[in-house]
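Single-structure report; data block below.
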Amino acid sequence: MDAQRALLDELMGSARNLTEEERKGFKEVTWDDKEVCGFYMVRFCPHDLFVNTRSDLGPCPRIHDQKLKESFENSPRHDAFVPKFEAELAQFCEKLVMDLDRRVRRGRERLAQEVEPAPAPPLTTEKSEQLSVLEEKIKNLLEQVESLGEAGKVDEAEALMRKVEALNVEKTALTQPQNDKVLMLGQEKKMALCEICGSFLVANDAAERTQSHITGKQHVGYGMVRDFISEYKAAKEKAIEEERLAREKEAEERRKQREKDHERRRRSDSGDRDRHRDKDRDRYRDRELDRERSRELDGRGNRDGGRGMDSRLRNGRSGGRDRYRDRSRSRSPVRHGYRRHS
């Protein structure tokens with residue numbers, strides 16, 4: 001019936017039997033609703049592990065539905081919600097294990113207590129007299145047994161020995177009374193404690209009973225809880241380590257890039273300095289060449305045409321004076337026959 005109901009829900013929807021009025025206020029439940037158990041979606045729900053055991057957690061208050069779980073597994077948001085659900089489940093499981101470990105510690109301390117027998121109380125006067133009578137009877141019977149043995153009467157000697165043994169039992173009962181509390185604690189010392197689920201076991205019990213405990217619901221359930229916590233912590237530590245390595249790798253790549261940029265700038269600056277140095281050297285060489293050519297030109301001018309030029313300059317100046325003098329004479333009235341009349 002459940003399988004047929006699930007098939008009908010899948011084909012026609014879970015609201016197939018509702019009236020029109022009921023359909024108005026009906027809301028289809030999806031896997032991401034708060035009413036749905038995220039523990040059941042991602043792994044297991046601890047409420048399902050310990051049903052009808054000493055550790056029963058009661059029914060889960062949220063919805064467990066295989067169809068919703070399949071919808072979650074096929075959802076494109078599956079990978080985004082898995083870490084959230086697993087973190088919540090790990091927190092719940094750690095609380096369970098903490099409570100269990102406290103019970104385990106108390107049980108271990110209880111088993112670790114050494115049981116010391118209480119000192120025997122002093123015998124009363126009545127018991128002391130009974131003990132004396134028993135010891136006297138045992139002594140007499142042993143003497144008779146010895147005599148019968150020497151006489152070869154073996155059967156009679158054995159019969160007396162049985163009486164001696166009975167008297168010794170009575171003597172032990174008088175000197176070592178049973179202590180119920182000591183016996184109970186002594187039996188408890190023979191118990192063992194399961195470190196997985198905290199159950200008390202009989203030490204060196206039969207293999208069938210031990211196997212029955214290992215396959216029991218409580219032992220298997222706490223084993224699943226502990227395994228999940230170990231797996232979750234290992235995965236978390238691995239993720240943290242991978243993130244640390246990724247950060248270190250990124251920092252190393254940035255450092256190498258900075259070194260490359262610095263080397264590139266250094267080479268660029270060195271090239272610029274070399275180019276400036278070459279330009280300065282060219283300018284200096286050009287200036288030296290200009291100076292050298294100027295000195296050469298000056299030297300040739302002084303050797304070849306310096307004096308002629310000076311004489312021409314001097315002649316030019318004297319010639320100019322002579323020409324001025326000649327013009328002055330030509331303009332003189334005396335020289336041209338002009339007389340000044342008085």
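Couple of notes before you dig in:
- Computed extension length for R265-K34: 77.3 nm, one decimal, from 0.36 nm per residue of separation with the Cα-Cα distance subtracted.
- A cut-off of 5 Å between modelled amide H atoms, ignoring neighbours fewer than 5 places along the same chain, links V202 with A192.
- Segment L297-F44, length gained on full extension (0.36 nm per residue, minus Cα span): 80.4 nm
- Gain in span if fully extended, A192 to S132, counting 0.36 nm per residue against the direct Cα distance: 17.2 nm
- Rolled with a 1.4 Å probe across the full set of protein chains, the surface gives K67 an accessible area near 100 Å².
- Using the Cβ-Cβ distance between D56 and R244 with R0 set to 41 Å, the FRET efficiency from 1/(1 + (r/R0)^6) comes to roughly 0.45.
- Here the Karplus curve 6.51 cos²θ - 1.76 cosθ + 1.60, taken at θ = phi - 60°, turns the phi angles of the stretch 78-94 into couplings of 4, 5, 6, 9, 4, x, 5, 5, 5, 5, 5, 5, 4, 5, 5, 5, 5 Hz, with x standing for Gly and Pro.
- Report note on the peptides 97-104, 152-159: ranked by the mean count of other C-beta atoms within 10 Å, highest first, their order is 97-104, 152-159.
- If you plug the beta carbon distance of L141 and D101 into 1/(1 + (r/R0)^6) with R0 = 45 Å, you get a FRET efficiency near 0.15.
- Global form of the stretch 195-275, assessed from the alpha-carbon gyration tensor, a/c cut-off 1.5: prolate
The values are calculated or read from the model by the stated rules, or taken from the named source; none is laboratory data. Only a predicted model underlies this, so the values are computations on that prediction, with no experimental measurement involved. Backbone-built Cβ (ideal geometry, glycine too); neighbour counts: all protein chains shown. With ligands, DNA and RNA removed, areas are computed over all heavy atoms of the protein, side chains included. Shrake-Rupley method; radii C 1.70, N 1.55, O 1.52, S 1.80 Å.
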